[in-house]
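Values quoted throughout were computed directly from the atomic coordinates according to the rules given, and no laboratory measurement underlies them. Just so you know, these numbers come straight off a predicted model, no measurement behind them. Note that each Cβ is placed from the backbone with ideal geometry, even for glycine, and that neighbours are counted across all protein chains shown.
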Amino acid sequence: MAVLVTRPDERGEQLVEMLVKAGIVALHLPLFQITRGAELNELPARLARLKPGDYVFAVSKNAVDFADKAIKNTGFKWRDDLSYFAVGKSTAQYFAAMTEMAVHYPTTQENSEGLLQISMMQDLSEKTVLILRGNGGREFFAEQAQQRGGSIEIVECYRREPLVYNQAEQTSLCKRAGVQTIVVTSAEILTQLVDFVPQSEHNWLKSCHLITISERIAHLAQALGWQQVTVCPCSDNRTLLQTLLQCR
């Protein structure tokens with residue numbers, strides 16, 4: 001089995017290293033690079049304006065990384081009178097380590113739908129919810145939180161910028177390496193992958209076993225023509241590795 005990892009930056013590189021150590025051929029083809037967000041400089045002031053008891057929600061580890069640097073580089077600290085949230089266990093643990101605060105997350109469904117089910121999210125009247133995220137992405141959580149009475153603020157902490165490759169050359173390299181399994185960790189990566197691979201190679205692309213991290217992405221993949229899709233229960237690299245080993 002050869003695996004194509006599309007997860008960006010060092011987390012994608014780490015997964016490739018873990019696969020190679022496990023004896024699996026793995027290639028890294030990040031379709032985006034992660035860069036500083038346009039609104040990051042505003043974060044310390046916007047955090048300071050929140051009322052005690054308001055909510056801060058980090059969408060991903062990338063959001064945590066950039067937000068934490070912005071807070072600490074300007075001499076600010078994460079406030080201990082706010083409630084902090086993440087979409088899954090791995091991001092929550094990372095956010096907690098950076099902030100030294102308790103971070104709430106859904107334990108049964110690691111996505112926006114799961115987060116909206118927890119008790120603290122049922123009535124958001126008189127709450128401001130500050131969302132730390134990248135450019136684009138889903139609006140579902142923000143829309144639902146607003147319907148529940150919350151005042152929503154969004155800070156673009158990072159940006160996904162497409163990387164430029166020779167598409168035919170990279171696709172040929174993947175095929176020659178025997179890639180039959182592809183790891184995709186977001187809907188944006190999946191749609192970019194479909195656009196990236198030449199149309200003439202889509203039969204090969206969609207015959208590959210797709211490993212992803214949510215039912216939502218799996219449903220999108222199936223709508224795009226994939227038949228073999230496995231949903232990993234968590235988004236961290238260790239769980240992805242375990243899932244890939246089980247699929248070998």
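Please determine, in degrees from 0 to 90 and to the nearest 10, the orientation of helix 9-21 with respect to the longest principal axis defined by the Cα atoms of the chain, where the helix direction is its Cα long axis.
50
Once you have a ≥ b ≥ c as the square roots of the Cα gyration tensor eigenvalues for segment 35-160, tell me rounded if a/c is under 1.5, and otherwise prolate or oblate according to whether a/b is larger than b/c.
Values: a/c = 1.36, a/b = 1.29, b/c = 1.05.
Because its axes are fairly even, with a/c under 1.5, segment 35-160 counts as rounded.
Taking amide H atoms as placed 1.01 Å from N in the peptide plane, list the residues 5 or more away in sequence, or in a different chain, whose amide H sits under 5 Å from that of I152.
V129
How far apart, in nm, are the 7 Å Cα→Cβ label points at Q170 and S151?
Label at Q170, label at S151, 4.3 nm between them.
Which far-off residues, 5 or more places away or on another chain, put their amide H under 5 Å from the one on F32, with H placed in the peptide plane?
The answer is L163.
If the chain between F140 and S207 were fully stretched, how many nm would it gain, using 0.36 nm times the residue separation less the Cα-Cα distance?
21.1 nm
Sum up the charges of everything whose Cβ sits under 11 Å from the Cβ of Y158, counting Lys and Arg as +1 and Asp and Glu as -1, but leave Y158 out. Walk me through the intermediate numbers first.
Numbers: positive: R36, K61, K69, R133, R159, R160; negative: D9, E39, D65, E156, E161.
Net of charged neighbours comes to +1.
Give me, ordered by chain and number, the residues 5 or more places off L82 or on other chains with an amide H under 5 Å from its own placed amide H.
G53
In nm, what is the difference between 0.36 nm times the number of residues separating T107 and H219 and their Cα-Cα distance?
Details: separation 112, 0.36 × 112 = 40.32 nm, distance 2.15 nm.
Full extension from T107 to H219 adds 38.2 nm.
Enumerate the calculated ³J(HN,Hα) couplings along segment 190-195 in order (Karplus 6.51 cos²θ - 1.76 cosθ + 1.60, θ = phi - 60°), each rounded to whole Hz, writing x wherever the residue is Gly or Pro.
Result, rounded to whole Hz: 4, 5, 5, 4, 4, 6.
Return one number: the angle in degrees, 0 to 90 and rounded to the nearest 10, between the long axis of the Cα atoms of helix 237-247 and the longest principal axis of the Cα atoms of the chain.
Tilt of helix 237-247: around 30 degrees.
Which length gain, in nm to one decimal place, applies between L163 and K51 when the Cα-Cα distance is subtracted from 0.36 nm times their residue separation? Please report the intermediate quantities before stating the final value.
Working: separation 112, 0.36 × 112 = 40.32 nm, distance 3.97 nm.
Extra length available between L163 and K51 comes to 36.3 nm.
How far is helix 167-176 tilted off the main Cα axis of the chain, in degrees rounded to 10, range 0 to 90?
On a 0 to 90 degree scale, this one is about 60.
What's the FRET efficiency of K72 with S119 using the Cβ-Cβ distance as r and R₀ = 22 Å, to the nearest 0.05?
On the way: r = 31 Å, r/R0 = 1.41.
In this case the efficiency is close to 0.10.
As a check on your grasp of the helix formula, calculate [θ] at 222 nm for the chain: sum -39500 (n - 2.57) over DSSP H runs of n ≥ 4, divide by the residue count, round to the nearest 500.
Details: 11 runs with 105 residues, N = 248.
So the helix-based figure for the chain works out to -12000 deg cm²/dmol.
Apply the Kirkwood formula to segment 1-45: the hydrodynamic radius equals the inverse of the mean of 1/r over all pairs of different alpha-carbon atoms; give it in Å with one decimal.
Numbers: mean 1/r = 0.0827 Å⁻¹.
Kirkwood hydrodynamic radius for segment 1-45: 12.1 Å.
Take the Cα atoms of the chain, build their convex hull, and give its volume per residue in Å³. Display every interim value, and only then the final one.
On the way: hull volume 30.2 nm³, N = 248.
Enclosed volume per residue, from the Cα hull, is 122 Å³.
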